[in-house]
Amino acid sequence: MSKHRQNLGRWGETIAAEFLSRRGYTIVASNARTQYGELDLVARQGDVTVFVEVKTRSSASFGFPEESITTRKGEHLVEASQAYLQEHPEFDGDWRIDVIAIQRLDAEQEPLIKHIENAVF
């Protein structure tokens, strides 16, 4: 992955965490690793554990950020989320997977942020 893409991804994850925090979510972990892959953000909304996939784009050339979540990526997110829950029994209970799609088309403007709850089943 190019340095630009890594920096853009880290920037997007920071923006997503701030976005969620302003809406009352508690960020539990970022870049949580499991045997099935990495989870960008793990948050709590009340008693619900929320696994968040962050997709950031700096161009509209390849479509909307959320369109890059394939069926296979969704399966990996479910597997990684279940593995995380097994490793962290303190988060027993309801959980879901959300997507935060961020478009930064111009550095001078605020990014467009779209929060999709229950994006992956």
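The values are calculated or read from the model by the stated rules, or taken from the named source; none is laboratory data. Worth saying up front: this structure is predicted, and the values here are computed from it rather than measured. Using ideal geometry, Cβ is built from the backbone for each residue, glycine included, and neighbour counts are taken over all protein chains shown.
Looking across region 93-109, the residues that are at pLDDT 90 or above and loosely packed, with under 13 Cβ neighbours inside 10 Å come down to 93, 94.
I'd like to verify a number: residues in region 45-67 that are modelled with pLDDT of 80 or more, of a type in the set (A, V, I, L, M) and outside any strand (DSSP E or B), how many? Residues meeting the conditions: 0.
Within region 14-36, does at least one residue satisfy the condition of being crowded, with 16+ Cβ neighbours inside 10 Å, free of Cβ contacts under 8 Å to residues at least 24 places away in the same chain and out of contact with any Pro (no Cβ under 6 Å at 6 or more places or on another chain)? Yes, region 14-36 has at least one match.
Yes or no, residue by residue, for (1) among the aliphatic types (A, V, I, L, M); (2) in a loop (DSSP other than H, G, I, E, B):
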{"site": "13", "(1), (2)": "no, no"}
{"site": "19", "(1), (2)": "no, no"}
{"site": "31", "(1), (2)": "no, no"}
{"site": "38", "(1), (2)": "no, no"}
{"site": "43", "(1), (2)": "yes, no"}
{"site": "81", "(1), (2)": "no, no"}
{"site": "107", "(1), (2)": "yes, yes"}
{"site": "115", "(1), (2)": "no, no"}
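Considering region 83-105, the residues that are free of Cβ contacts under 8 Å to residues at least 40 places away in the same chain and assigned to a loop (DSSP other than H, G, I, E, B) include one that is nearest to residue 39 (Cα to Cα), namely 88.
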